[in-house]
Structures are given as C-alpha cells and as structure tokens.
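Novice: So that we are looking at the same thing, I have put the structure below in structure tokens.
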Amino acid sequence: MTSPDVHRLRDMVRNVEASGGAAPYIDKAITWARATGLKVLIDLHGAPDSQNGYDNSGHNGTVGWTGSQEGIADTRAVIQKIANKYAQDSYQDTVVGIELLNEPLSSKLPGGTDALVQYYKDSYGDVRAISDTPTVLHDGFQNGTFWNDILSSSDAQGVIIDHHEYQVFTDELVALSADEHVQKVCSNSYTYAADTSHWVIVGEWTAAMTDCAAALNGYGIGSRWEGSYFGDSGSSGRSCGDINFIDTWNDTTIENTKRYIQAQLDVFTQQTKGFIFWNFKTEASAEWDLFRLLDKGVFPNLKNYQPQSVCS
C-alpha cells in the first residue's frame with residue numbers, strides 16, 4: 001500500500017460524510033405530531049456537492065449538485081426512499097407533503113433552471129409512483145410566474161410551490177428601517193398570486209430584521225448588523241446582544257417586531273395557502289424563536305388571530 005494507492009481509492013468513489021442516526025427522530029416527530037393533531041412536511045435539505053452553496057445544504061461554498069448525473073441520481077434515490085416509506089397511505093393523515101429539495105439556487109446551478117426543472121419532473125414521478133401525497137417544489141428563487149407552466153394541472157396534480165421570505169441577507173435589507181421592512185412585505189404581497197397554476201405556501205419566514213442569529217451566515221462568520229460580515233471594515237456601533245436576547249428588547253423593538261410579524265401574517269393569510277414560521281425554538285436567537293416570541297407577547301396567539309390590516 002502506497003500513498004498513490006490511497007489517493008486512487010479515494011478518487012474512485014463519492015466520499016460523503018454523514019453522522020447518521022437521524023431517521024428514528026423523524027419517526028418520533030411524526031408520532032408526536034399525529035398524537036397532537038399537527039402535520040409534517042418532509043423537506044430534503046441537502047444534495048451532493050450542494051444545491052446552493054449554503055451550510056444548510058451540508059456544504060458551504062461552491063454549488064455543484066447538478067454538475068454530475070451521479071449527484072442528481074443520488075438525490076432522486078433519497079427521495080425515492082423517503083417516498084417509499086412516508087408517502088404510503090398509513091402516513092397520509094400526518095405527512096402532508098414531501099419537498100423535493102430545499103432552496104436550490106437555480107441561478108448558480110450547473111445547467112440552471114433547466115436542470116432543476118428536470119429533476120423536479122423526475123422526482124415528482126418517483127413520488128407519484130407511490131401515492132398522491134402532495135409534492136412540494138421550492139421556487140428556486142425564481143418569481144411566481146416562472147412556475148405557471150411547470151407541473152401544472154395539465155400534466156400533474158398535488159404540486160405546491162414553496163417560497164421562503166427573508167429580509168436579512170443583503171446589506172440593503174439589513175439597512176432597512178422597521179417601517180421599510182413592513183412596507184416591503186406589503187408591496188410584495190401581489191407576487192404570491194403570480195403563480196396561477198399551483199397552490200403557493202411560505203415554507204419559511206421569520207421575525208428577523210437583522211442577521212444576528214448565531215451562525216446564520218455560516219459557522220464562524222459575523223453579521224452585517226454588527227459590521228463583522230465578510231469584507232466589512234469593522235464595528236457598526238450596533239450589538240447583536242441587544243437583538244438575540246429578548247429580555248433586553250426595549251418597547252420600540254417589541255412594537256416594531258410585532259408590526260413586522262403582523263404584516264406577514266396578514267399577507268400570508270390572504271395571499272397563500274399556508275405558512276411555516278422558522279423556527280419554533282432556538283438556543284439564543286430571539287427573532288427566530290417562536291416560543292420566546294409567544295412568551296413575550298410579541299407573536300400573536302393564532303387560535304384567535306384576526307388580520308390587523310397592517311398593509312391597508
């Protein structure tokens with residue numbers, strides 16, 4: 001055995017690191033959801049060589065997923081395995097959909113939107129070979145009209161388009177005032193009706209108007225809010241400590257966050273078929289923590305929520 005031998009062996013196969021052991025927790029979550037009447041959307045978050053270059057794909061940096069047929073085939077195989085179990089009739093009371101891939105960055109994918117659409121069509125067929133469980137497609141960061149003629153009612157059924165709404169991932173968005181964040185929600189409301197061929201959901205949204213959450217921009221990477229992001233010159237004079245810990249929020253921050261949440265609830269309730277807040281619980285990122293927001297009275301009780309006409 002020599003060093004070149006080892007390198008040759010390595011180059012013969014796709015090396016994928018996986019911690020494993022997560023599948024039983026999916027089953028536990030479904031069991032708990034069924035017992036309480038909650039529903040579950042299963043969303044494949046990572047693909048080989050990354051579908052978006054974000055750490056939520058398991059690989060931070062380059063976008064290479066559709067650069068090889070092997071990577072696409074591996075991803076389809078995962079969807080087939082998910083569908084073979086969770087698209088069965090015995091799960092349809094709780095599992096309300098299977099999302100084929102989280103946040104593919106179609107503008108950066110090798111093959112672009114054509115490659116993504118082909119994967120969606122093929123994987124849709126894989127799910128339909130099992131059952132009519134709704135199939136969810138992330139919009140690939142394309143506008144709603146792009147999807148009108150793709151897997152529409154003329155050649156598919158049970159297809160839902162998923163849009164993720166965040167206003168924190170550019171310098172321009174973080175620089176907005178609270179009023180401007182609210183206005184942006186209102187001015188974008190018409191876009192959800194642009195796709196006239198599918199149901200549209202907002203599968204991720206948040207109360208965040210900053211990028212302060214720990215590791216939000218990647219592990220060990222700072223924030224635009226504090227001026228510590230890539231290429232930033234230094235401190236902005238603002239502290240994420242004032243944002244991440246809800247007990248430090250002053251009345252202005254509380255009221256601004258309430259209005260931002262209410263504007264989104266108004267728009268999503270009226271313009272979409274459903275929405276999922278990201279997330280229900282965090283270690284210490286209050287803008288993203290539903291339980292903390294509820295406990296502080298910032299997030300309304302949805303059991304008796306009435307639209308506030310924020311956008312009127």
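Novice: Which of (i) 63, 51, 38; (ii) 53, 46, 42; (iii) 50, 48, 34 is the computed Cα extents along the principal axes in Å for the structure on display?
Specialist: Of the listed options (i) 63, 51, 38; (ii) 53, 46, 42; (iii) 50, 48, 34, (i) comes from this structure.
Novice: Quick one: Cα centre-to-centre distance for the stretch 90-162 and the stretch 19-63, in angstrom?
Specialist: When both Cα centres are located, 16 Å separates them.
Novice: What chymotrypsin sites (Phe, Trp or Tyr not before Pro) in the stretch 165-217 are in a loop by DSSP, with at most 16 other Cβ atoms within 10 Å of the Cβ?
Specialist: Loop-located and lightly packed - TYR166, PHE169.
Novice: Convert each backbone phi in the stretch 97-109 into a coupling constant with the Karplus relation 6.51 cos²θ - 1.76 cosθ + 1.60 (shift: θ = phi - 60°), then list the ³J(HN,Hα) values in order as whole Hz, x for Gly and Pro.
Specialist: Karplus values, whole Hz, x for Gly and Pro: x, 10, 8, 6, 5, 7, 6, x, 8, 4, 5, 10, 5.
Novice: Using the reciprocal of the averaged 1/r over all distinct C-alpha pairs, how large is the Kirkwood radius of the stretch 210-281 in Å? List each step's numbers first, then the result.
Specialist: Numbers: mean 1/r = 0.0701 Å⁻¹.
When all Cα pairs of the stretch 210-281 are included, the Kirkwood radius is 14.3 Å.
Novice: Stokes-Einstein diffusion coefficient for the stretch 110-226 at 37 °C in a medium of 0.692 mPa s, Rh from the Kirkwood formula over Cα pairs: what value in µm²/s?
Specialist: Values: Rh = 16.3 Å.
Answer from the Stokes-Einstein relation: 201 µm²/s.
Novice: Please report, in debye to the nearest 20, how large the charge dipole of the chain is about its Cα centre when each Lys and Arg carries +1 at its beta carbon and each Asp and Glu carries -1 there.
Specialist: Its charge dipole is roughly 600 debye.
Novice: Would you please put 287-294, 109-116 in order of how densely packed they are, using the mean number of other Cβ atoms within 10 angstrom per residue and starting with the highest?
Specialist: Going from most to least packed, we get 287-294, 109-116.
Novice: Also, quick follow-up: Highest GNM mean-square fluctuation, the chain, Cα pairs closer than 10 Å: which of ALA286, ALA35, ALA178?
Specialist: ALA35
Novice: Just name one of ILE130, TRP288, SER189: the one whose Cα is farthest towards the positive end of the charge dipole of the chain (beta-carbon charges, Lys/Arg +1, Asp/Glu -1).
Specialist: Most positive-ward Cα: ILE130.
Novice: Another one. Can you work out ³J(HN,Hα) from phi for every residue in the stretch 273-286, in order, using Karplus 6.51 cos²θ - 1.76 cosθ + 1.60 and θ = phi - 60°, giving whole Hz and x for Gly and Pro?
Specialist: Here the 3J(HN,Hα) series is 9, x, 7, 10, 6, 10, 9, 7, 7, 9, 5, 6, 9, 4 Hz.
Values in this text are rule-based calculations from the coordinates and carry no lab data. Here the structure is a predicted model, which means the values were calculated and not measured. When we count neighbours, we look across all protein chains shown, and the Cβ atoms used for this are built from the backbone with ideal geometry, even at glycine.
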